[in-house]
Amino acid sequence: MALRDYYGQLSAAELADREDFVIEGCHLMGERLRGDEIWLNFGLTQEEVREITSQSEYNAVFRSLLFSRLVPCVRDIGLWSERLRQAYADMGVLDCARADLEALMRNDEQIAEQLDAQRFAAEEAARAEEVDQVIADGAGS
């Protein structure tokens, strides 16, 4: 989020360079999600791959999850020109811009804390079981 202030000071040419980078990166991620090289190895044509992956519910969910963080972040740092919005619209992810990034990040943090707590509890239980086993082994000797 430190980029908000930085991007406000850039020239139009510098902002265009950053937009080019973001647009290209997003296109590459979107293309990578399709896994063309895998499908092409099965003898499908590029057109068939695009048809299959464009209708894939799994791809739609994964794309939504990926871009649900990226698009609002780009918007929030101020890199939000008409050209960038059009690129996101063309990729089918512009609706992700409506998301509240801070709420998403808070939710992500809560999930991470819950997972950490579960992992810690499982490690503690495993350690207690290990100690109990050592004690039992020692008592049997």
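Worth pointing out:
- Pairs where the first residue, in region 46-58, is over 13 Å from GLY92 (Cβ atoms) and the second is surrounded by 10 or more Cβ atoms within 10 Å (Cβ to Cβ) and among the acidic types (Asp, Glu), C-beta under 8 Å, 6+ apart: GLN46/ASP36; VAL49/ASP36
- Among the helices (runs of 4 or more DSSP H) confined to region 19-102, the ones with at least 3 residues that are within 18 Å of the chain's Cα centre (by Cα), assigned by TED's automatic domain parsing to the domain that holds LEU3 and farther than 24 Å from LEU3 by Cα are located at 57-76.
- Considering residues of region 4-18 that are surrounded by fewer than 16 Cβ atoms within 10 Å (Cβ to Cβ) and of a type in the set (A, V, I, L, M, F, W, C) only, the residue nearest to the chain's Cα centre (by Cα): ALA16
- Within region 63-118, the set of residues being among the hydroxyl-bearing types (Ser, Thr, Tyr) and free of Cβ contacts under 8 Å to residues at least 40 places away in the same chain comprises SER64, SER68.
- Test: residue in region 52-67 that is surrounded by 10 or more Cβ atoms within 10 Å (Cβ to Cβ) and at pLDDT 90 or above: yes
- Options ALA139, ALA128, ALA117: the member that is modelled with pLDDT under 90, part of a helix (DSSP H, G or I) and not assigned by TED's automatic domain parsing to the domain that holds ARG18: ALA139
- Of everything in region 23-49 that is among the β-branched types (Val, Ile, Thr) and surrounded by fewer than 17 Cβ atoms within 10 Å (Cβ to Cβ), the residue that is modelled with the lowest pLDDT is ILE38.
- Number of the condition not met by TYR88 [criteria: (1) touching a Leu at 6+ places or on another chain (Cβ under 8 Å); (2) among the aromatic types (Phe, Trp, Tyr); (3) at pLDDT 90 or above; (4) farther than 30 Å from ALA12 by Cα]: (4)
The values are calculated or read from the model by the stated rules, or taken from the named source; none is laboratory data. No experiment lies behind these values; they were computed from the predicted model shown. Every residue, glycine among them, receives a Cβ derived from its backbone with ideal geometry; neighbour counts consider all protein chains shown.
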